[in-house]
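Notes follow once the structure below has been shown.
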Amino acid sequence: MDHDTEFAAYAEEAWPSLVRSAVFLGCRLPEAEDLAQTALARCYTAWARVRAADDRDAYVYRVLVNSLRDSRRRRWWGERPTDELPEARATGRGDAMADVDTADAVHRALAGLSAVNRDVVVLRYFAQLSERETAQALGVPAGTVKSRLSRALRHLAADHHLADFGALTDGLKGRGTP
């Protein structure tokens, strides 16, 4: 398989997860798509190194996290989130307002974490990277991933934004404690 074909197949498969991870890292959807595109463009130019990496996904997620950090350093972030929920449109897939409420609660709870703890939670649970892959993606030891994850999950279990999601927070309480 040639360079372009192999990269295109990887990018197509990784795209949804990269965008979703960027959203959970604090980006709005258009910004998340831009961030995923930037990360993939950087990976394309270094595809030989990405291909040779011990863990391709960890390498790509590290590029994603670094691209986010770079963009936050460069940009003025004059916009601030609002307490008002967007208008929900019925999609025919369940209760649209409940989906908005859930997404809003998760985003607010994640926003209450420190950046390093949010990175660990998003990569570990939303991107579904292993502890080792998460450690590689963030450039930290696996023990650091475990301790950050433990702190983050304890914080999320106690977060008032998630109080109405009993089953979710009950599961977090069991995971976050050593």
### Task
Take the alpha carbon atoms of the stretch 112-133, find their center, do the same for the stretch 1-69, and report the distance between the two centers in whole angstrom.
16 Å
#### Entry: Potential extension, Ala103-Arg20 segment - 0.36 nm per residue separation minus Cα distance
28.7 nm
### Task
Multiply the residue separation of Trp47 and Asp70 by 0.36 nm, subtract the distance between their alpha-carbon atoms, and state the gained length in nm to one decimal.
6.2 nm
### Low-density loop positions, GluC sites (Glu not before Pro), the stretch 1-81 - DSSP coil, at most 14 other Cβ in 10 Å
Glu79
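Taken together, the values in this text are just the output of simple stated rules run on the coordinates, not laboratory data. As the structure is a computational prediction, the values presented were derived from the model and not from experiment. As a convention, Cβ positions derive from the backbone with ideal geometry for all residues, glycine included, and neighbour counts pool all protein chains shown.
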